């Protein structure tokens with residue numbers, strides 16, 4: 001007698017709550033990062049877009065160089081450079097429409113500027129005269145977020161709110177490879193997928209979380225694969241290929257705008273410089289590795305494509321360089337002026353109305369400043 | 001003269017009514033949290049709201065407090081007025097980073113350009129026989145964070161009025177609900193809701209001449225009971241219900257202490273680093289020449305919240321309060 005015969009009429013059934021699973025195949029990222037430049041797909045790219053990307057990339061690199069120089073001159077407290085990652089920064093800003101929102105992390109000053117925020121106001125945080133220098137509502141750019149991945153749930157909530165109001169708004173949220181280990185990354189993706197919120201998550205996988213390489217950060221097949229667990233598509237793209245990043249992000253934004261829900265995009269790139277001017281990258285990586293990435297430079301890749309297609313000549317290169325120099329000179333000039341500081345600002349925006357306790361403390365500081373001014377006056 | 005029939009209502013019912021009225025008055029008010037929709041919340045505070053206003057306005061979220069508060073921040077950035085329910089005091093801790101780094105700071109870091117009008121409702125404190133992680137007096141974490149208002153009602157009428165005020169506030173408010181008072185009743189007519197109470201004003205719950213008990217939230221009824229019991233000892237105690245820890249009403253508190261000359265601060269939170277230390281210092285700094293005795297504190301012990309069978313030893317009770325009153329150097333008067 002077989003076991004089945006012993007069971008008689010009893011037949012096992014699946015657990016009552018079990019549902020056939022969603023097919024994960026359409027959500028899976030491609031085997032290799034998507035590329036455009038140097039491939040056949042490049043022929044279909046809009047020449048105007050490529051020229052625009054090139055101009056912005058050149059300007060972005062110059063901005064990074066200028067900001068880093070300003071740290072050495074003591075004009076900025078710190079600057080986390082995105083040199084080598086300009087393609088991601090620029091594309092993230094350019095794929096958005098006027099009414100959309102950008103949620104940057106602290107390394108995304110370039111994206112903020114490319115979105116239209118005043119280049120000086122974008123540096124307020126890093127200059128240290130206040131935290132957020134720009135009005136987030138003016139260009140629909142959230143404050144640069146220093147606590148990792150915490151801006152992602154904000155993007156989800158904002159996009160969800162806009163959809164509830166019937167507004168056509170997509171939120172694009174930026175995070176790094178290290179940030180994907182944070183709980184807020186997980187929670188944001190989960191909420192976004194459950195709510196089908198119009199959000200695009202852009203992970204710039206630049207190889208390092210300060211000094212810690214990706215291998216110590218995750219055992220996932222790729223960061224893009226994490227999307228599958230939440231029920232959203234994951235896309236893998238060459239983060240130094242500006243045309244590819246733009247195309248993949250634009251697709252994801254279009255998908256979100258059409259009500260298709262969120263997408264996770266992993267852009268493979270590299271932080272060519274140290275974490276910040278206060279970091280020493282030679283302690284955790286070799287020159288050879290950096291050099292291989294310099295050979296895969298986003299500006300060089302695009303320049304090669306444009307030149308090969310006759311869309312860019314020496315004059316064009318020089319014009320882009322001049323534009324960038326003009327921007328840098330203006331930035332330098334503005335940053336070399338001391339910012340106006342008002343110590344009373346400490347109390348002005350903690351609440352809509354200062355509490356009685358803050359009014360007392362404000363009076364105290366005011367009296368201290370008056371006494372200081374008086375003693376300085378007496379010394380003269 | 002007409003008489004208004006005043007029905008006894010519970011604090012829970014008053015809170016539900018406040019949410020309902022706020023949602024009816026302002027379409028930007030959205031309630032969100034764990035189990036707040038179909039179930040109506042584990043304490044039934046959101047009972048009926050999803051049915052009345054739809055699931056888009058009273059939303060069962062995924063079970064993740066940082067995500068709940070983080071998405072509420074984004075919703076507030078877009079002009080909504082989210083009211084977040086944290087299921088229990090200790091379950092609010094995963095949201096702490098969002099609260100401290102974003103909710104409390106967004107107005108300030110953007111120079112007032114991006115205020116966050118959101119309310120975080122947290123059932124807090126002990127006395128319900130809850131097992132581990134269900135009874136924390138967590139207020140000190142919030143009062144230590146600039147940028148938050150911290151409010152806690154002790155009566156049914158205040159539960160309504162203060163919650164309406166919290167939701168209407170353009171600043172983030174941590175609204176601490178004393179969960180053991182959810183089922184407390186007093187005379188409050190739900191058909192004629194109390195006026196919206198301003199945030200930041202304490203109230204004298206009981207007038208007295210001998211000493212002032214300064215307290216809030218779940219400890220207010222305990223202090224009222226202690227004040228009654230104190231009459232037998234010949235003490236006529238005044239009870240000040242703070243209602244708002246931030247902003248703090250120095251004026252009402254100090255006026256009382258100047259009248260009575262003696263003060264005891266009573267709360268469930270631990271004494272070390274608890275609000276009582278700050279309150280005692282403020283009173284001493286402002287009323288020193290009126291004080292007949294040092295300001296004393298009756299607080300929870302500085303221990304992790306006890307298991308339910310031991311919690312009565314931890315919570316400030318009538319006897320411990322009266323012992324403290326007895327130590328207010330009365331001999332100096334004779």
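Taken together, the values in this text are just the output of simple stated rules run on the coordinates, not laboratory data. Fair warning: this is a prediction, and the values are worked out from it, not measured in the lab. Note that each Cβ is placed from the backbone with ideal geometry, even for glycine, and that neighbours are counted across all protein chains shown.
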Where only C-alpha atoms are counted, convex hull volume of region A:197-265 per residue in Å³: 83
Theoretical FRET efficiency, 1/(1+(r/R0)^6), r = Cβ-Cβ of residue B:38 and residue A:375, R0 45 Å, to 0.05: 0.10
Diffusion constant of region B:85-219 at 10 °C, which comes from Stokes-Einstein with the Kirkwood Cα-pair radius and 1.306 mPa s, µm²/s: 99
Å³ per residue enclosed by the Cα convex hull of the protein assembly as shown: 248
Intensity falloff of chain B expressed as log10 I(q)/I(0), Debye formula with alpha-carbon point scatterers, at q = 0.09, 0.11 Å⁻¹: -0.47, -0.69
Angle between chain B longest axis and helix B:250-260 axis [Cα atoms, degrees, rounded to 10]: 20
Residue-averaged 222 nm ellipticity for chain A, from DSSP H runs of 4+ at -39500 (n - 2.57), nearest 500: -14000 deg cm²/dmol
Cα shape, region B:208-250, gyration tensor, a/c 1.5 rule: oblate
P(r), alpha carbons of region B:8-187 - 5 Å bins starting at zero, rounded %: 1, 9, 19, 23, 23, 16, 7, 2, 0, 0
P(r) weight above 15 Å for region A:297-360, C-alpha pairs, percent: 71
Debye log10 I(q)/I(0) at q = 0.09, 0.10, 0.14, 0.22 Å⁻¹ for region B:203-333, Cα point scatterers: -0.22, -0.28, -0.55, -1.37
222 nm mean residue ellipticity, helices alone, for chain B (DSSP H n ≥ 4; -39,500 (n - 2.57); rounded to 500): -9000 deg cm²/dmol
For chain B: relative contact order, % (alpha-carbon pairs under 8 angstrom, 6 or more apart): 15
Cα-based equivalent ellipsoid, chain A: semi-axes from gyration tensor eigenvalues, Å: 42, 31, 20
P(r) weight above 12 Å for region A:63-102, C-alpha pairs, percent: 63
Rounded tilt (10° steps) of A:47-72 against the dominant C-alpha axis of chain A: 50
Column: log10 I(q)/I(0), Debye, Cα scatterers of region B:128-178, q = 0.15, 0.16, 0.27, 0.31 Å⁻¹: -0.48, -0.54, -1.05, -1.14
Residue order, fewest to most beta carbons within 10 Å, for B:288, A:191, B:175, A:103: B:288, A:191, B:175, A:103
Peptide A:339-349, shielding by other chains (average Cβ, 10 Å cutoff): 2
Cα→Cβ-extended label distance, 7 Å offset, between residue B:185 and residue A:283, nm: 6.7
